[in-house]
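The values are calculated or read from the model by the stated rules, or taken from the named source; none is laboratory data. Since the model is a prediction, treat every value here as computed from it, not as a measurement. For neighbour counting, all protein chains shown are included, and Cβ atoms are generated from backbone atoms with ideal geometry for every residue, glycine included. When the accessible area is computed, the model is the full protein with side chains, heavy atoms only, and any ligands, DNA or RNA have been set aside. Shrake-Rupley method; radii C 1.70, N 1.55, O 1.52, S 1.80 Å.
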Number of protein chains: 2
Amino acid sequence: MGNRHTSLKDLARELKVSISTVSRALKDHPDISREMKEKVKQLALARKYSPNPLAMGLLKQETRMIGVIVPDLVTHFYASIIAGIESFAKEKGYFILLASSNESYEKEKESIENLLKARVEGLIICMSQETRETSHFKSLLAENIPLVFFDRVCLQDQVSSVTADNTDASKKITRHFAEQGYRRIAFISGPEQLNISRERLAGYIAGLESCQLPVDADLIEQCNLSHDSARQAMNRLLNLPNPPDAVFGINDTVAFAAMKEIKRHQLQIPNDMGLVGFTDEFHATVVDPPLTSITHPTYEMGVEAARLFFDQLNSKQSPKTVTLKTRLVVRESSDKAR
Amino acid sequence: MGNRHTSLKDLARELKVSISTVSRALKDHPDISREMKEKVKQLALARKYSPNPLAMGLLKQETRMIGVIVPDLVTHFYASIIAGIESFAKEKGYFILLASSNESYEKEKESIENLLKARVEGLIICMSQETRETSHFKSLLAENIPLVFFDRVCLQDQVSSVTADNTDASKKITRHFAEQGYRRIAFISGPEQLNISRERLAGYIAGLESCQLPVDADLIEQCNLSHDSARQAMNRLLNLPNPPDAVFGINDTVAFAAMKEIKRHQLQIPNDMGLVGFTDEFHATVVDPPLTSITHPTYEMGVEAARLFFDQLNSKQSPKTVTLKTRLVVRESSDKAR
DNA sequence: AATTTTTCCGCAAAGCTTTCCGCAAAGCTT
DNA sequence: AAGCTTTGCGGAAAGCTTTGCGGAAAAATT
């Protein structure tokens, strides 16, 4: 069983020198003679020596692990962000430990505890949609544990975070709809405790107002971001006495659910009903018709989150807020002209 | 900075007892008096003591980490499998360290090395499509490092693996097409070094033969599983003097690419061209028309892979092969009757 | 030739946990 | 009361690495 890996001790024994000599030889310490260095390095290579990260961690009090908590693991949106975090972390020689909250507040807290027990050096988190209360985050701050939020954020003055330009982007969507001739533009939002809901709603309203379109409370629906709940929301919109002629879904899942429901009602997209989402490249092009959307720069969001994390880790700087520019990509789902 | 976490030493000092007493008290060792146990446990709770996994790892020579290597991180297929692995591993108190090969043989080898340096206790791998040579896996076996393959496998007699019932499933697809009245059934395969390509091709052919349909080499295309390459393959099929009336795509990406290409050629699915894929529930229902497919039990595949991993870890058993039953779910893309 | 400097390497501690021994005191037996 | 067992705890080692300090031998100096 046991010892698969070569240790300094093994090398030292074989060369009949002390452990410290081996250690220093490998690090080109000036105290060690050239011949000794070569002998040691050669044997180290032959025995495939690599320092034991556990011992190093114990000594240096660092684990080179980052905890990442996402609402779920399977959505392309999060998967892509994780890929971004991972690539940046790898550059720095860090690994990521993944946990999923399954959109549950309890599991979120539990995951934080587990990751801390595993001695991650800090956390990068996208809050669960259930989370209304922030004391578990505050206690991280109190213990000076590096923390970064992405996409869904809170405590913005105290925690570094990276988000999309939600308000701006939503405003662009509404204006785009208006330019295409849509007049009754609906918005399917998410839980109001989420900043993305609030910000995208604000942009939606600002967009309407800038086009002199009325804000109709009937056209603002809410869902819990699940597929079913989004379908129900869309269904309510379609059953309105005066239904919308365009819908803006707050994210991927919602946009897809809305699309299915619209089709089920035998309505044509984009002619009977315009549809725009807030998704990434991949999903927008796989559906039919291709979805006009604000393309969420997911991979980049991951990279930025990781960058902010290392800023925190290296020097206790004051929290930074990074806002990623998005762009509106017009595809068939909102393009009456075609 | 430094020491955020309470150690046994901290507790011992505060209680003015020895470290070993504290350790034993927490583990209910019979040598320790009831009162002492209570005092210790109470303080441990108050100070939020949790054992340092690095120290434990050093002592027990175990890191409680599993390395997982997938061809990419963002595909729903792999994300879902990873979720399955993760949930089983968490039960056992293990974490997973994720790495992506990006379908590259070199990166696969590199990832293996990195994960071993990080001292994972073993590996769960889905080979990159480039991998033709297996010496890097064999050296894992030689060092007795637990190894499990999923979906794409090799060295089957030496390594535990979990796959879908590829041949059977493919046979079902061909027969289903035949029953629907399709006669010229094409197959877009992947790289031939992958078992999934070979097995699904075998099933496809067996299905044709069992229906007394001829096997036409023109109708068997190959691609490298990328979107573009799959589109090109589909395009070649469509430009055949005698094109197919149905297509079986070897996986998600291929099926979607084929769908786009069919639409681009103004053909109707399922009437002009039947289409069936080998995908999971999610993707099959998000496209239009909904895709008939063999639903790949992805999450379960992850769970099984993890289970096999722990079998290996706990007792050096001989390698097991788990084959997961799939089912054919008929949706619109191959259902002329509707 | 004697002394100082340089060169090269070993010792030991720290970081944290578990566990085998050992040891003292208390309780028991006869 | 003397000798035994039991009870309850402390010491130390092992697992692996880095690094300050001390020390011996070789080289250089006077």
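Using C-alpha pairs below 8 Å separated by at least 6 residues, the relative contact order for chain A is 17 percent. Between residue A:263 and residue A:328, the simple label model (points 7 Å from Cα in the Cβ direction) yields a spacing of 2.5 nm. Straight-line reach from residue A:41: taking Cα to Cα under 22 Å and skipping same-chain neighbours fewer than 8 places apart, the lysines in range are A:9, A:16, A:27, B:117.
Only Cα pairs under 8 Å and 6+ residues apart enter the sum, and on that basis the relative contact order of region B:44-199 stands at 19 percent. From the alpha carbon centroid of region B:229-261 to that of region A:62-82 is 34 Å.
Kirkwood Rh, chain B, all Cα pairs: how many Å?
On the way: mean 1/r = 0.0443 Å⁻¹.
Evaluated on chain B, it is 22.6 Å.
Here the 3J(HN,Hα) profile of region B:307-318, calculated from phi with Karplus coefficients 6.51, -1.76 and 1.60 at θ = phi - 60°, is 4, 4, 4, 5, 4, 4, 5, 6, 9, 4, 7, 6 Hz, Gly and Pro shown as x. Residue B:7 to residue B:28: FRET efficiency via 1/(1 + (r/R0)^6), r the Cβ-Cβ distance, R0 22 Å, to the nearest 0.05? After rounding to 0.05, the efficiency reads 0.65.
Residues of region B:99-136 whose accessible area (probe 1.4 Å, heavy atoms of protein chains only) drops by at least 20 Å² once all protein chains are present, relative to their chain alone: B:114, B:117, B:118, B:119. Computed from protein heavy atoms with a 1.4 Å probe, the total accessible area buried between A and B is close to 4200 Å².
Shielding by partners for peptide B:274-286, expressed as the average number of C-beta atoms from other protein chains within 10 Å of each residue's C-beta, is 2.
Using the alpha carbons alone, the radius of gyration of the protein assembly as shown stands to its Kirkwood radius in an Rg to Rh ratio of 1.02. Take the Cα of residue A:90, step 7 Å toward its Cβ, do the same at residue A:228, and the gap between the two points is 3.8 nm. Which of B:323, B:279, B:134 moves the most in a Gaussian network model of chain B with Cα springs under 10 Å? Per the Cα network of chain B with a 10 Å cutoff, B:134 tops the list. For region B:155-164, backbone phi angles converted through the Karplus equation (6.51, -1.76, 1.60; θ = phi - 60°) give residue-by-residue couplings of 6, 4, 7, 10, 10, 5, 7, 10, 9, 8 Hz, Gly and Pro being listed as x.
Determine by what factor the alpha-carbon radius of gyration of region A:20-61 differs from 2.2 N^0.38 Å, reporting the quotient.
So region A:20-61 has a normalised radius of gyration of 1.25.
Kindly state, to the nearest 0.05, the FRET efficiency for residue A:179 paired with residue B:240, given R0 = 45 Å and r defined as their beta-carbon distance.
Values: r = 44 Å, r/R0 = 0.97.
FRET efficiency, residue A:179 to residue B:240: 0.55.
Between residue B:16 and residue B:220, the modelled labels are 8.4 nm apart [label points 7 Å from Cα along Cα→Cβ].
For chain A, the solvent-accessible area works out to 44 Å² per residue, with a probe of 1.4 Å and every protein chain left in place. For region B:230-336, the set of trypsin sites (Lys or Arg not before Pro) satisfying both a DSSP loop assignment and a count of at most 13 other C-beta atoms within 10 Å is given as B:316, B:325, B:336. Within a straight-line Cα-Cα reach of under 17 Å, residue B:316 can be paired with the following lysines, leaving aside sequence neighbours fewer than 8 residues apart in one chain: B:138. Residues whose amide H lies under 5 Å from that of residue A:186, counting only those 5 or more places away or on a different chain, are A:245, A:246, A:247, A:248; hydrogens are built 1.01 Å from N in the peptide plane.
Rounded to the nearest 10 degrees, the angle from helix A:195-210 to the longest Cα principal axis of chain A is 40 degrees. Any idea what angle helix B:105-117 forms with the longest principal axis of chain B, computed on alpha-carbon atoms, 0 to 90 degrees, nearest 10? Rounded to the nearest ten degrees, it is 10. Sequence-ordered 3J(HN,Hα) estimates for region B:75-90 from the Karplus curve with 6.51, -1.76 and 1.60 and θ = phi - 60° stand at 5, 4, 3, 6, 4, 5, 5, 4, 4, x, 4, 4, 5, 5, 4, 4 Hz, glycine and proline given as x. Among the GluC sites (Glu not before Pro) in region B:103-169, those placed in a DSSP loop whose Cβ has at most 14 other Cβ atoms within 10 Å are B:133, B:143. The length gained on full extension between residue A:155 and residue A:132, counted as 0.36 nm times the residue separation minus their Cα-Cα distance, comes to 7.1 nm.
Using only alpha carbon pairs under 8 Å that are at least six residues apart, calculate the relative contact order of region B:176-291 and give it in whole percent. Intermediate results must be reported in sequence, preceding the final value.
Numbers: 172 pairs, mean separation 31.0, N = 116.
Answer for region B:176-291 is 27 percent.
Each Lys and Arg Cβ is given +1 and each Asp and Glu Cβ -1; about its Cα centre, chain A then shows a dipole of about 1540 debye.
Quick check: the distance between the Cα centres of region B:174-207 and region A:121-195, to the nearest angstrom? The distance from the Cα centre of region B:174-207 to that of region A:121-195 comes to 46 Å. Using a 7 Å projection from Cα along Cα-to-Cβ, the label point at residue B:48 is separated from the same position in the remaining copies by 4.0 nm, smallest value first.
Label-to-label distances for residue A:240 across copies, nearest first, come out at 5.0 nm, using points 7 Å from Cα in the beta-carbon direction.
Remark: label point of residue A:7 defined 7 Å out from Cα along the Cα-Cβ vector; separations to the same position in other copies 1.7 nm, ascending. Estimated from the Cβ-Cβ distance and a Förster radius of 25 angstrom, the FRET efficiency linking residue A:41 and residue B:56 is about 0.20.
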